[in-house]
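Trainee: Okay, here's the structure, questions in a sec.
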Amino acid sequence: MKTFKTHIEDTFTKELPADPILENSRRQVTEACFSYVTPKKTSQPQLLHVSTELLETLGISETESQSDEFLNVFTGNEVLPNTKPFAMCYGGHQFGNWAGQLGDGRAINLTEIKYKNQRWTLQLKGAGPTPYSRTADGLAVLRSSIREYLCSEAMYHLGVPTTRALSLAVTGDQVLRDVMYNGNSEYEEGAVVCRVAPSFLRFGSFEILASREDTKTLKQLTDYTIKHFYPELGAPSKAVYLEFFKTVSNRTLDMIIDWQRVGFVHGVMNTDNLSILGLTIDYGPYGWLEGFDFGWTPNTTDRQHKRYRYGNQPNIGLWNLYQLANALFPLIEDVEALQAILDDYRTQFETKSLQMMRSKIGLFTEDETDLKLIQRLEDVLQMMETDMTIFFRNLSKFEKDNKTSGLDLIQDAFYNPQTMPKDAEALWQQWFQDYGTRLQQETLSDAERAEKMNAVNPKYVLRNYMAQLAIDDAEKGDYALIDELFQLLKQPYAEQESAEKWFAKRPEWARNKVGCSMLSCSS
């Protein structure tokens, strides 16, 4: 990877304070943003998949990706010359409670590169313990690695801000895991994913410093973040810090609006899992809505309180921003100005959410009755189990002059259409009547409207059962389905007639199967 090595340009380790202790022991790390740590060597690494698109983005040739050096570097067996891998220090609120120091417990940043004026950090997940691993081993297993690898790239092609995934590899080592946290631990195949993002800084990176009243390091980190990732804001000052917070708030909201649009539920929106760049980060117990349900969460740990349920994600985004505002307060010292930005988040959510839902149902002009029409739709969607992806995709076939056809067009979205109550059927019929009337105000033809709707309503998403099928095959040594899904999800809005089998409701066998419905944080 001769050419690639010329792109190396580390800034994080050169411009921010390091943990002075080099021993890889579990400990509290203070007055530092990171600790140097070397990835754990693996016994029999094997690459299962590489994103050729991301190779090109990073300036790595396909030939180089097939080399032993690539395999060794991106499985933790070899450190690139003139680089010093590191794990980041951060804290976080987990399920609403301050958890103190967390940090990169199973992630190790290899290096940073700059290519075509873009900065990227390359990070291995599952590459061994760090000072932040607490009682854990710092490793990852194949099932969770497949889920992260596929979903990172799927989200990117859906147009959702996200970290990326370069490579997926097995290590040849066995890893002990308790999948459902019920005391039944088993050995599983170890794996490593190389994650890629401009930066993996989180809200918690700032929180940990503020919690320790380490304003000096907090300022260093904030100045560094603005310099490299928000340079348009200008030289650091109180006004710029405030603008920085406002920009992070806007990016966070835009990301969550996109989650709502495609039916993605993160599952564990702790402050250590929110990116300071407004990227979807840390694909753990995530899920995609099957039945449209504001109350659904994919996380077994969240089953009782459903803090991170689909309908609550925008509120949790705001709650997390409150914690970030508290962390940045020592640099800004203006409660009213920070509160104004948080208040604006609420207003902007109402505006952007309505705009997003209008686009999903093909309304490209505005009418004061639109909010009511959308709320009625959301209510009737939840009267019986209705597949979100199929419903919105098929809604694009509705013809405004044929109002009685609506219910027939969406039949495939119902999980049990034969059980539809009479009152639900009447509400659907009335909604389609009013929807057809509203569409008369639109100037687009039915075909033009359908094209625009299909550009925001994906036909294919990474349903949990699809990922589980790929996992089941991979655990038997068959990796073909990983590539099939990877290729499918690169064009989520295209018809892809040869892939029609994936445009289907979750099969009944997957309703309560582990990995297909709810997942644990170890998934």
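The values are calculated or read from the model by the stated rules, or taken from the named source; none is laboratory data. Note that the structure is predicted; figures quoted are calculated from it, not measured. In this analysis, Cβ positions are derived from the backbone assuming ideal geometry, glycine residues included, and neighbour counts consider all displayed protein chains. All accessible areas refer to the heavy atoms of the entire protein, side chains included, with ligands and DNA or RNA removed. Shrake-Rupley method; radii C 1.70, N 1.55, O 1.52, S 1.80 Å.
Trainee: What is the helix-to-structure angle for 142-158, meaning the angle in degrees between its Cα long axis and the longest Cα principal axis of the chain, kept from 0 to 90 and rounded to the nearest 10?
Mentor: Between the helix axis and the principal axis of the chain, the angle is about 60 degrees.
Trainee: If you don't mind, there's one more thing I want to ask. Taking the Cα centre of each part, how many Å lie between the range 436-486 and the range 344-422?
Mentor: 17 Å
Trainee: Next question. Restricting to Cα pairs below 8 Å that are 6+ residues apart, what does the relative contact order work out to for the chain? Please round to a whole percent.
Mentor: Relative contact order here is 14 percent.
Trainee: Where the only charges are on Cβ atoms (+1 Lys, Arg; -1 Asp, Glu), what is the dipole of the chain about its Cα centre, to the nearest 20 debye? Could the numbers behind the result be given before it?
Mentor: Details: 55 positive and 71 negative charges, 154 e Å.
Here the size comes out at about 740 debye.
Trainee: How much FRET efficiency would the formula 1/(1 + (r/R0)^6) give for residue 451 and residue 219, where r is the Cβ-Cβ distance and R0 is 41 Å, rounded to 0.05? Don't jump to the answer; show the numbers that get you there.
Mentor: On the way: r = 49 Å, r/R0 = 1.21.
The calculated FRET efficiency here is 0.25.
Trainee: Multiply the residue gap between residue 484 and residue 442 by 0.36 nm, knock off their C-alpha separation, and tell me the result in nm, one decimal place. Display every interim value, and only then the final one.
Mentor: Working: separation 42, 0.36 × 42 = 15.12 nm, distance 3.88 nm.
Between residue 484 and residue 442, full extension yields 11.2 nm more.
Trainee: Okay, moving on. Could you check the spin-label model distance between residue 369 and residue 434? Points 7 Å from the Cα along Cα→Cβ, value in nm.
Mentor: Reported label-point gap for residue 369 and residue 434 is 0.8 nm.
Trainee: If you don't mind, there's one more thing I want to ask. Which residues does a label at residue 427 reach in the range 279-308, if reach means a backbone N under 15 Å from a point 7 Å past the Cα toward the Cβ?
Mentor: Counting only backbone N, you get 292-295.
Trainee: Hey, what's the Cα Rg ratio for the chain versus the globular rule of thumb, 2.2 N^0.38 Å? If you can, show how the numbers build up before the last one.
Mentor: Working: Rg = 23.6 Å, N = 523, 2.2 N^0.38 = 23.7 Å.
Cα-based Rg divided by the globular estimate yields 0.99.
Trainee: Okay, moving on. Please give the contour-minus-distance gain from residue 72 to residue 174: 0.36 nm per residue of separation, less the Cα-Cα distance, rounded to one decimal in nm. Kindly include the intermediate steps, with their values, before the conclusion.
Mentor: Working: separation 102, 0.36 × 102 = 36.72 nm, distance 1.83 nm.
This chain segment gains 34.9 nm when fully extended.
Trainee: Positive end of the dipole of the chain, charges at C-beta (+1 Lys, Arg; -1 Asp, Glu), about the Cα centre: which of 388, 271, 16 has its Cα farthest in that direction?
Mentor: The listed residue farthest towards the positive side: 16.
Trainee: Could you give the length gained by full extension between residue 335 and residue 137, i.e. 0.36 nm per residue of separation minus their alpha carbon distance, to one decimal place?
Mentor: 67.1 nm
Trainee: While we're here: For labels at residue 415 and residue 294 in the simple 7 Å Cα→Cβ model, what's the distance in nm?
Mentor: Calculated label separation equals 1.9 nm.
Trainee: Once label points are set 7 Å from the Cα along Cα→Cβ at both residue 9 and residue 41, what is their separation, rounded to one decimal in nm?
Mentor: Taking the two extended label points, one gets 3.4 nm.
Trainee: Then there's this: How would you classify the range 330-388 from its alpha-carbon gyration tensor, with a ≥ b ≥ c the square roots of the eigenvalues: rounded for a/c under 1.5, else prolate if a/b is greater than b/c, otherwise oblate? Don't jump to the answer; show the numbers that get you there.
Mentor: Details: a/c = 3.54, a/b = 2.25, b/c = 1.57.
Prolate shape, in that a/c is at least 1.5 and a/b is the bigger ratio.
Trainee: Also, I was wondering about something else. At a 1.4 Å probe radius, carbon and sulfur cover how many percent of the accessible area of the chain?
Mentor: Carbon and sulfur together cover 48 percent of it.
Trainee: What residue among 221, 240, 499 has its Cα farthest toward the positive end of the dipole of the chain, where the charges are +1 on Lys, Arg and -1 on Asp, Glu, each on the Cβ?
Mentor: 221
Trainee: Given axes a ≥ b ≥ c from the Cα gyration tensor, I'd like to know whether the range 61-218 is rounded (a/c under 1.5), prolate (a/b larger than b/c) or oblate.
Mentor: Taking the square roots of the gyration eigenvalues as a ≥ b ≥ c, the range 61-218 is oblate.
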